[in-house]
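What follows is one structure encoded as structure tokens, with my remarks underneath.
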Amino acid sequence: MTEVEIEKENAAIAKAYKELLKVSYQTLSKEDKKLIRHAFEVAVDAHKNQRRKSGEAYIFHPIAVARIVAQEIGLDATAIASALLHDVVEDNPNYTIADIERLFGENVARIVDGLTKISSLKKDLDVSLQAENFRKMLLTLHEDIRVIIIKIADRLHNMQTMEAMRSDKQVKIASETLYIYAPLAHRIGLYNIKTELEDLGLKYTEPEVYNDIAEKMQDSKEEQDAYIKSFSKVIENSLNKEGLKYEIKGRPKSIFSIRRKMLKQGVSFEEVYDKFAVRIIYKSDFENEKFLAWKIYSIVTDHFTPNPTRLRDWISSPKSTGYEALHITVVGPKSRFVEVQIRSERMNEIAEKGYAAHYKYKNQNDKEDNLDLWINKLQEALESNETDAVDFVEQFKLNLYSKEIFVFSPKGDLKSLPKGATPLDFAFSIHTEVGMKTRGAKVNGKLVPLSHELQSGDRVEILTSDNAKPNSNWLDYATTARARSKIKSALKEDVKLIAEEGKEILRRKLKQLKITLNESSVNELVNYFKLSTSLDLFYRVGIGTIDNSKLKAFASSRSNAFVSYFKNKIRRPDVPKDIDKDEITSKYDMLVFGQGEEKLNYKLANCCNPIPGDKVFGFLTINDGIKVHKKNCPNAVSLQSNYAYRIIAAKWIDSTQQVYTSQITLSGLDNLGLVNDITKLISQNMHVNMKSISFTTDSGVFTGKITLEVKNQAMLKKLIERLKKINGIDKVSRV
């Protein structure tokens, strides 16, 4: 770099630093500014020889993360300094945690240590690195919530500056973001950041979908602004008459949430009716907040008819993220549904800043903070470390995005549970002992099964017995991480006892077959019986499902099993060109894998049934070779996030001969001859074969399912377009 360029860059760094101080949400004292300045100087020194992939000086990254922490999340000087230092120990061997503690004190050192621990992980192929990484991160939750918040800010800035990366890296990072970081931001109450993370996640996992929706939203922006103006005009007079100080804003829904609606309801972009929300933010002192919210509610509903099923009152009972607001959906001008959100300035600040705003207002509202309550509740789930890392993260995730219901105990106490919770979840939320001894439950005075789904407003009573104990069915009934982890550890104890007996039985039986029970023979047995652990093996022997005859069959096929065991190790299978492929690839070389476009054995995943032309990737399983999934498979985000090292690039190269099975569903208005029109159209299409067809009609509306054999995606698309044109058909979609 020339001297002029270096000077320019230094000026830009100084400017970025000044901006950081200027935009801080918290008022910074002299001491605070001193701490931040010191952190900035150390960060500049530590990263002086580093550059990012894009070529800019690395120091811009910690400054940007600190700015998100200061401005968008609104944390204090300790967090801002920690954000500036978050990569120092990891990236520069000259600085240790002890140095940070000496220079900045215990708090900053603890946060930086937490952030460094999350990043430094050894490569270990048998465990999902990413899930281990997430587990480590989640375990820092109850140490200092600021660790997670800075990690989310770090991830947000990485997502905003990902253009220079390789596309496979982009997909991996975006999948992780959708899988864990966006739900975490949601749970901590950082709704703006959650929305941006979701949109950026979609931008890199499904770019075509993202760009398509973004363009359409841009096109409809003018019309949307005009609509919000006409909506506001109608209610402004009434609001002014009451002497209220307020502002009305329109907010477009996020691209990600529109995409989710399109998928969930099976509709196109044009058919999504609530693409934006109207927000009324009013000024109020703390005492009159509730009263004014309902006053505004009554003014809005005087002018526009509300949808009675869509009222959400988070003012009387706030969400456990701390979110407070009234949400109503009304029929606005031009008979369109509009979501109206009513919030005071305080509620709006909490919705935008989450955790930080809570503490700003905490002295006014003395209840124990919801976030603290939630972290305490999760403590037990976090501490049960025995579970496999992926299980742990999946379980934890259940608690992040869940919508809430409110139920009453027999004494009338209000308890918040995730939507879909059962009496068993309620029992464990009261106390572990109550959960363990549950015999049955009454909801609103009636006996119900333990699998009964609770609804908001239910009164729940748990019946206990000293003889009751968890059984494996309970895992089907429990949905919360707390209940599931308690049930699992209780069941594990039982399994361990049986497995210990099973191990001894197996030792005796193998001795008769002249096989020694050791690590090698146990591995062979686990693989032979398609189990995942030695505990499974001993347990099954203990309960008798693996008996003498099965063990004899194992002994006779031992040499073959030995060969296949090594073939199936977690490695990319190296398949010779002339090997006899399984049925799918025996005649046709349609799918190729990896950079070298190799032809390998594979199976198509049942969860998404890919066909030629679909965008796909390969996933290396432990016992089942390569499974091919569609890029938009429901499990794709989880796989790409937890097992990125097992993902193999895959693409179709030729699909001229082979046929694939695909299913489509149709719905519409029933009329005479409709089935005939449909079958005629399909049979006229030379390249498509109909395997099965079923139609049901109900009060003039029909739904149908057709199983077809097609050669590729293009043919299927063409057929779906033609079917849509048949008179009476409303929707056609691929299953």
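The values are calculated or read from the model by the stated rules, or taken from the named source; none is laboratory data. Since we're looking at a predicted model, the values are computed, not measured. Backbone-built Cβ (ideal geometry, glycine too); neighbour counts: all protein chains shown.
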For the range 439-451, what are the residues that are touching a strand residue (DSSP E or B) at 6+ places or on another chain (Cβ under 6 Å) and not aliphatic (A, V, I, L, M)? 439, 440, 442, 444
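Identify, from the list 482, 508, the residue that is crowded, with 19+ Cβ neighbours inside 10 Å, at negative phi, among the basic types (Lys, Arg) and not assigned by TED's automatic domain parsing to the domain that holds residue 425. Before the answer, list the steps.
Numbers: 508 fails: crowded, with 19+ Cβ neighbours inside 10 Å.
From the options 482, 508, the qualifying one is 482.
Mind checking which residues of the range 527-537 are within 17 Å of residue 501 (Cα to Cα) and free of Cβ contacts under 8 Å to residues at least 40 places away in the same chain?
Residues of the range 527-537 within 17 Å of residue 501 (Cα to Cα): 533-537.
If the condition is that a residue be within 17 Å of residue 501 (Cα to Cα) and free of Cβ contacts under 8 Å to residues at least 40 places away in the same chain, then 533, 534, 536, 537 are the ones that fit.
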Could you pull out the residue among 236, 287 that is of a type in the set (D, E, K, R), surrounded by fewer than 20 Cβ atoms within 10 Å (Cβ to Cβ), in the same structural domain as residue 338 (by TED's automatic domain parsing) and out of contact with any strand residue (DSSP E or B) (no Cβ under 9 Å at 6 or more places or on another chain)? 287
Being at pLDDT below 85, buried (at least 19 other Cβ atoms within 10 Å of the Cβ) and either farther than 28 Å from residue 136 by Cα or touching a helix residue (DSSP H, G or I) at 6+ places or on another chain (Cβ under 6 Å) (or both), is that true of even one residue in the range 643-654? no
Tally the residues that are surrounded by 14 or more Cβ atoms within 10 Å (Cβ to Cβ), part of a loop (DSSP other than H, G, I, E, B) and aliphatic (A, V, I, L, M), restricting the search to the range 1-45. 1
Go through (1) touching a strand residue (DSSP E or B) at 6+ places or on another chain (Cβ under 6 Å); (2) under 29 Å from residue 175 (Cβ atoms); (3) modelled with pLDDT of 85 or more one by one and return the number of the condition residue 666 breaks. (2)
Going through (1) at pLDDT 90 or above; (2) within 19 Å of the chain's Cα centre (by Cα) one by one, residue 180 fails only at (1)
Subset of the range 462-478 [surrounded by 20 or more Cβ atoms within 10 Å (Cβ to Cβ) and touching a Gly at 6+ places or on another chain (Cβ under 7 Å)]: none
The range 327-356, residues that are under 18 Å from residue 225 (Cα atoms) and either free of Cβ contacts under 8 Å to residues at least 40 places away in the same chain or among the aliphatic types (A, V, I, L, M) (or both): 330, 331, 335, 338, 340
What pairs come up if the first residue lies in the range 180-201 and is without any contact (Cβ under 8 Å) to a residue 60 or more places away in the chain and closer than 22 Å to residue 640 by Cβ, the second is of a type in the set (D, E, K, R) and in a helix (DSSP H, G or I), and their beta carbons are under 8 Å apart, counting only those six or more places apart or on different chains? 181/151; 181/155; 182/194; 182/198; 185/194; 197/155
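Over 27 Å from residue 315 (Cα atoms) and in contact (Cβ under 8 Å) with a residue 40 or more places away in the chain: does that describe residue 235? Write out each step before concluding.
Values: over 27 Å from residue 315 (Cα atoms): no; in contact (Cβ under 8 Å) with a residue 40 or more places away in the chain: yes.
So residue 235 does not fit the description; no.
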Among the listed residues 468, 441, 490, which satisfies the condition of being without any contact (Cβ under 8 Å) to a residue 40 or more places away in the chain and either in the same structural domain as residue 548 (by TED's automatic domain parsing) or not in a loop (DSSP other than H, G, I, E, B) (or both)? 441
Of all residues in the range 633-642, which are in contact with a helix residue (DSSP H, G or I) (Cβ under 9 Å, 6 or more places away or on another chain) and either more than 13 Å from residue 205 (Cβ to Cβ) or not in a helix (DSSP H, G or I) (or both)? 633, 642
Just one of 361, 355, 401 is closer than 21 Å to residue 183 by Cα, modelled with pLDDT of 65 or more and not polar (S, T, N, Q); which is it? 355
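Taking the condition surrounded by fewer than 23 Cβ atoms within 10 Å (Cβ to Cβ) and either outside the structural domain of residue 161 (by TED's automatic domain parsing) or touching an Asp or Glu at 6+ places or on another chain (Cβ under 9 Å) (or both), does residue 72 pass?
Details: surrounded by fewer than 23 Cβ atoms within 10 Å (Cβ to Cβ): yes; either outside the structural domain of residue 161 (by TED's automatic domain parsing) or touching an Asp or Glu at 6+ places or on another chain (Cβ under 9 Å) (or both): yes.
In short, yes.
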From the list 696, 679, pick out the single residue that is within 25 Å of residue 263 (Cβ to Cβ), loosely packed, with under 14 Cβ neighbours inside 10 Å and of a type in the set (Val, Ile, Thr). 696
Given the conditions (1) surrounded by 15 or more Cβ atoms within 10 Å (Cβ to Cβ); (2) in a loop (DSSP other than H, G, I, E, B), every one holds for residue 662 apart from (2)
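Could you grab me the full set of residues in the range 502-552 that are in a helix (DSSP H, G or I), of a type in the set (A, V, I, L, M), farther than 19 Å from residue 622 by Cα and at pLDDT 85 or above?
Within the range 502-552, the first condition is being in a helix (DSSP H, G or I), and the residues that meet it are 502-512, 519-528, 534-543, 548-552.
Okay, now just the ones that are also of a type in the set (A, V, I, L, M), so 505-506, 510, 522, 525-526, 535, 537, 541, 543, 551.
Next, from what is left, pick out any that are farther than 19 Å from residue 622 by Cα: 505-506, 510, 541, 543, 551.
Once the filter is applied, which keeps residues that are in a helix (DSSP H, G or I), of a type in the set (A, V, I, L, M), farther than 19 Å from residue 622 by Cα and at pLDDT 85 or above, the range 502-552 yields 505, 506, 510, 541, 551.
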